[in-house]
Every structure is written in C-alpha cells, then in structure tokens.
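Take a look at the structure set out below.
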Amino acid sequence: MTTYESDIKTISSNEEVVFGILSDLNNLKKIQEQNPPTDKVKDLEFDTDSCKFVVEGFGKIGFKIIEREPNKTIKFESENAPVNVNVWIQLKQIEENKTAMKLTVKADLPAMIKMMVDKKLKEGVNMVADLLAKGLNK
C-alpha cells in the first residue's frame, strides 16, 4: 500500500467539536457549499456515514466511515473505487481551542497506476485537508 499524508492543519476549535462535525458526513455539505467543487469533482452526495462523488476520469467513487475513535480518529473505506483505499482523519488537541488535523490516505496501487496518479494523489490529499480546515475555521 502507498501512503499519502497531508500537512498538519490547525483548526480553531477543540477536538470534541471538530470530531462532532467531521464524524457526521452530512456536515460536509456545508463545507462543500462554502467551497464549491471543481469541474473535475461533481455530483456530491452525503449521508451520516458515507459520501459519494464523481471524479472526472475515474467515475463514481464513495467512502464510508468504518470506525470512529471519539475525538481522535475517523477511518474511511472506499466503495466503488478501482483500487482499495483507506482514509484516516486524525485529530489532536494542542491548546484549549486549537486542534491539529492530519489526513492520511493508504491506497493499494499497482505500479502503472501509481506512476500515473502519484503526484495528483499527493496534491489531492493536501487539497482536501485544506478545504476541511478552511471550512472548519469559518
């Protein structure tokens, strides 16, 4: 498996509040409305435990929450993806109203696919972390 990690983002809220927002994916709709998707990502759908979207060149992909460790970690598993992908959102309170957040993606990529998407996945992980942090800091 190949691992991609975002830079650590700082959110101006305590880890309990951040976890509460991120552990219900319906809340991502508010963040998405503040930061409309690009033309490469379309048709976003959310419910409490899953999200689905269409990525240009890949088709419809989804993620569902498979584990929640209160105020610490949310783990996702891919659905309808051409390869197995797991995502972790990790939270750590660093001050009373300051939480560090990191996004980690592990993907089971064949060598040929990795060569084609490696750079885009690295950029994408940081882009998603930036969007989440920006949305949570409003």
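Worth a mention:
- Residue match in region 112-120 (condition: outside any helix (DSSP H, G or I) and farther than 15 Å from N86 by Cβ): no
- Cβ separations smaller than 9 Å between residues 6+ apart or across chains give the following pairs from region 119-138 residues that are more than 18 Å from S13 (Cβ to Cβ) and touching a residue at least 40 places away in the same chain (Cβ under 8 Å) to residues that are part of a loop (DSSP other than H, G, I, E, B) and of a type in the set (D, E, K, R): N126/D7.
- Within region 30-46, residues that are at pLDDT below 75 have Cβ atoms under 6 Å from residues that are of a type in the set (A, V, I, L, M, F, W, C) and outside any loop (DSSP other than H, G, I, E, B) in these pairs: Q32/L44; N35/L131; V41/F53; V41/V55; K42/V54, counting only partners at least 6 apart in sequence or on another chain.
- Flag for T104 being touching a residue at least 60 places away in the same chain (Cβ under 8 Å), on the phi < 0 side of the Ramachandran plot and among the hydroxyl-bearing types (S, T, Y): yes
- Just one of the listed residues (N71, N126) is among the polar types (S, T, N, Q), over 12 Å from the mean Cα position of the chain (by Cα) and not in a strand (DSSP E or B), namely N71.
- Test: residue in region 47-64 that is in contact (Cβ under 8 Å) with a residue 12 or more places away in the chain, outside any loop (DSSP other than H, G, I, E, B) and closer than 19 Å to S6 by Cα: yes
- The single condition from (1) at negative phi; (2) touching a Lys or Arg at 6+ places or on another chain (Cβ under 9 Å) that P110 fails is (2).
- Subset tally (residues that are among the polar types (S, T, N, Q) and under 11 Å from the mean Cα position of the chain (by Cα)) for region 79-123: 3
- For region 69-82, filtered to residues that are surrounded by fewer than 15 Cβ atoms within 10 Å (Cβ to Cβ) and touching a residue at least 12 places away in the same chain (Cβ under 8 Å), the residue that is nearest to D47 (Cα to Cα) is E79.
- Screening region 83-109 for residues that are in contact with a strand residue (DSSP E or B) (Cβ under 8 Å, 6 or more places away or on another chain) and assigned to a loop (DSSP other than H, G, I, E, B) and picking the one that is modelled with the lowest pLDDT gives V83.
- Any hit, region 97-105, residues being more than 20 Å from E5 (Cβ to Cβ) and hydroxyl-bearing (S, T, Y): no
The values are calculated or read from the model by the stated rules, or taken from the named source; none is laboratory data. Because the structure is a prediction, the values reported are computed rather than measured. Positions of Cβ are generated from backbone atoms using ideal geometry, with glycine treated the same way; all protein chains shown enter the neighbour counts.
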